[in-house]
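To start, the structure under review is shown below, and the notes come after it.
Only the coordinates and a few stated rules stand behind these numbers; no lab work does. Computed from a predicted structure; not experimentally measured. Neighbour counts run over all protein chains shown; Cβ positions are idealised from the backbone, glycine included.
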Amino acid sequence: MLMLSCLIGLDGLDGGLLTARPSPKVADLGFVGEVARVDPIIFCSLIDTNHIPVVTSIAVAVEDSGQPYSINADTVAGELAAALGARS
């Protein structure tokens with residue numbers, strides 16, 4: 001049986017997937033942050049309905065200011081994998 005999937009683009013702001021805190025100030029890099037929390041509920045819901053989530057590395061500030069932060073994509077992938085219970 002052929003099973004089709006649909007790609008769904010997400011960023012960390014969608015469904016509260018990612019929240020961020022500012023990176024320590026080594027240099028003024030603008031709104032660059034670190035992952036503060038991952039809430040994979042929306043991610044899991046999409047997988048459960050045979051969708052393929054594609055996640056960008058933008059997250060919303062943890063202090064509810066609404067400020068988006070750019071986060072290193074490798075870091076986001078690792079944090080999301082950990083939140084989903086991935087094993088090496």
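Listed values, structure above:
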| quantity | calculated |
| --- | --- |
| Correct option for Rg and Dmax of the Cα atoms in Å [calculated from the coordinates] among (i) 18.8, 59; (ii) 14.2, 54; (iii) 16.6, 45 | (ii) |
| Only Lys, Arg (+1) and Asp, Glu (-1) charged, at Cβ; the stretch 7-83 dipole about Cα centre in debye | 100 debye |
| The chain: most fluctuating residue of LEU13, LEU46, LEU29 per GNM, C-alpha cutoff 10 Å | LEU29 |
| Estimated [θ] at 222 nm from DSSP helical runs (n ≥ 4, -39500 (n - 2.57)) normalised by residues in the chain, nearest 500 | -6000 deg cm²/dmol |
| Within a Gaussian network of the chain (alpha carbon springs, distance under 10 Å), most fluctuating of ILE58, ILE47, ILE71 | ILE47 |
| Fluctuation leader among SER70, SER23, SER45 - the chain, Gaussian network, Cα springs under 10 angstrom | SER45 |
| For the stretch 7-83, share of DSSP beta bridges that run antiparallel, in % to the nearest 5 | 55 percent |
